[in-house]
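The values are calculated or read from the model by the stated rules, or taken from the named source; none is laboratory data. Just so we're clear, the structure is a prediction, and the values are computed from it rather than from any experiment. Positions of Cβ are generated from backbone atoms using ideal geometry, with glycine treated the same way; all protein chains shown enter the neighbour counts. Please note that ligands, DNA and RNA were not included when accessible areas were found on the heavy atoms of the full protein model with its side chains. Shrake-Rupley method; radii C 1.70, N 1.55, O 1.52, S 1.80 Å.
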Amino acid sequence: MIDLILFLLVGALLLLSLLFFTPGKPKGRKDAKPLAEVQQALDVLQFGLLSPDMVGRIFVKKDFDYVMSETTGEVQRLFLAERRRLALAWVEQVHRQIVSLRRFHLGSARFYSRLRFLTELRLAWDFATVLFTCRALRAAVYLRGPYAAPRLVGATTAAAARVCGVSEKYLDFLRPARMMSFGDDSAGGSVE
Amino acid sequence: MIHMALSTLGRLFTRSKSVDMPWPSLVMWCVGMVLEFLLLLRGFRGKTLARYPFFYAYIACALADDVSGYMQYWFKGWASYVKWFWLGEFLALIVGCGIILEVFRCVLSPYRGAERFARIAGFATFVVISTFALIYPHVMPASSHRGTMFELERDLRTVQAIFLVGLFGVIRYYGIPIGKNMRGMILGYGLNVAALLVGLTIRSYAGVPLPGTWNVIMQQASYGAAVLIWTTSLWSYHPNPVPDSSVRLEGDYEAFAARTRSTIGALRSHLARVAQP
């Protein structure tokens, strides 16, 4: 019975994957963004969104504790609503910049003939993880407020930082010295 | 393959026992042959035959197999056809790999990174197939010749299905655009393999059905649908979209040049200030 289920699952998986090909026109095109835009996304993440100061300011309960102890109920509600909005905006921005990095990576890595299989797998996993935790964090903040899931914030920040690190190496690799040879086989080295 | 639907336990059924094909199966078989012939004809006239040689080799094989199988069935009866069946089935399985090669050649070859990724994943799948082929006879005792063949084909189709899912995943993940011809080729073959796999699995589990039962009809219909998809999508030549990496690099070059110019400008003004007494 188990083998029946397994084989049928593989068949169903194949049928499901075919659904991605059914649209009439070519879809899912991922043209790489220009390097300058990607560098900007990376800067926004590394020096802005993921900086400990900003993450701490939004998600650490210090401000919240102060407001709770010093202000009235109306102010507290207002503070929480504002902080939730701010946290959601932060998550949204991180998600957007990560998607931008992923788009750039996929758009350029697909042409790179010396791409490393395991590195790509790891990176795919990292991208998937960070995007998933972003979604989970967004749901948690939306449902239970900005201080509901501090571990999830840590996980998101760590995963995003990891992706940034790899993307930074990739950008360094692509930059000026190798720029002219990118696109042909002569581009030496590899991104680890 | 449409004639896949005709596979039953040959030793149990003979023409003298009146196990003939039901008319819907015969109709679908004939329609399939006509479509295969039409596909080849269009490939020849529309000059797509030279562009997709592996795919058309598969179609030519399928047509030859269908015609010869049909003649076997018609003139010599069911039992004779069943002997013929497995040869054609495994030939189709092997030649069908040409379609995967065609996808590699036409879709992935301009994207060397994605091609490399898919090639390594394919190699891993090949290792799995080889390991499986070596271990299988020792793990599963061959209870009957027919059962082993069924299960072996099911297993090989499973590996093929896994490989196709991986290939589709790579194409999807790297956002590789696909033209109408290749899209149709992939859709048709994927549909056919999925239907074969489901049909073979059900047959292996529930026993071998007579021709005309629902899973046999489903397989016939799926192959008919696949040939129909191929005929419509390969009616004329539609090349794959050309990758536009050069356009992006031009944009990058402009951005870098602008950045360098602004840096040099800033340096010049700084130097000018320093130089002033």
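Find the centroid of the Cα atoms in the range A:36-109 and in the range B:45-108, then give the distance between the two in whole Å.
58
Checking a compactness column here: for the range A:110-154, what do you get for Rg(Cα) / (2.2 N^0.38 Å), N being the number of residues?
Cα-based Rg divided by the globular estimate yields 1.64.
Can you compute 3J(HN,Hα) from phi for each residue in the range B:94-100, using the Karplus curve 6.51 cos²θ - 1.76 cosθ + 1.60 with θ = phi - 60°, rounded to whole Hz and x for Gly and Pro?
Karplus-based 3J(HN,Hα) across the range B:94-100 equals 6, 5, x, 4, x, 5, 5 Hz.
In the range A:55-143, what trypsin sites (Lys or Arg not before Pro) fall in a loop by DSSP, with at most 16 other Cβ atoms inside 10 Å? List each step's numbers first, then the result.
Numbers: sites: A:Arg57, A:Lys61, A:Lys62, A:Arg77, A:Arg83, A:Arg84, A:Arg85, A:Arg96, A:Arg102, A:Arg103, A:Arg110, A:Arg114, A:Arg116, A:Arg122, A:Arg135, A:Arg138; in loops: A:Lys61, A:Arg110, A:Arg114, A:Arg116.
Passing sites in the range A:55-143 are A:Lys61, A:Arg114.
Could you sort B:189-202, B:226-239, B:108-121 so that the peptide with the highest average Cβ count within 10 Å comes first and the rest follow in order?
B:189-202, B:108-121, B:226-239
Determine the shielding of peptide B:182-195 by partner chains: average, over its residues, the number of Cβ atoms on other chains within 10 angstrom of each Cβ. Write out the running numbers ahead of the final one.
Working: counts 2, 7, 1, 0, 2, 4, 1, 1, 5, 3, 0, 5, 9, 3.
Whole-number average of other-chain Cβ neighbours for B:182-195 is 3.
Nearest 100 Å², what total accessible surface is buried between chain A and chain B (probe 1.4 Å)?
4500
Counting only other chains, what is the mean number of Cβ atoms within 10 angstrom of the Cβ of each residue in peptide A:121-128? It would help to have the intermediate numbers written out before the result.
On the way: counts 3, 0, 0, 3, 0, 0, 1, 0.
Per residue, the average neighbour count from other chains is 1.
In peptide B:152-158, what is the residue-averaged number of other protein chain Cβ atoms found within 10 Å of each Cβ? Intermediate values should be presented prior to the final figure.
On the way: counts 0, 0, 2, 2, 0, 4, 5.
The shielding value for this peptide is 2.
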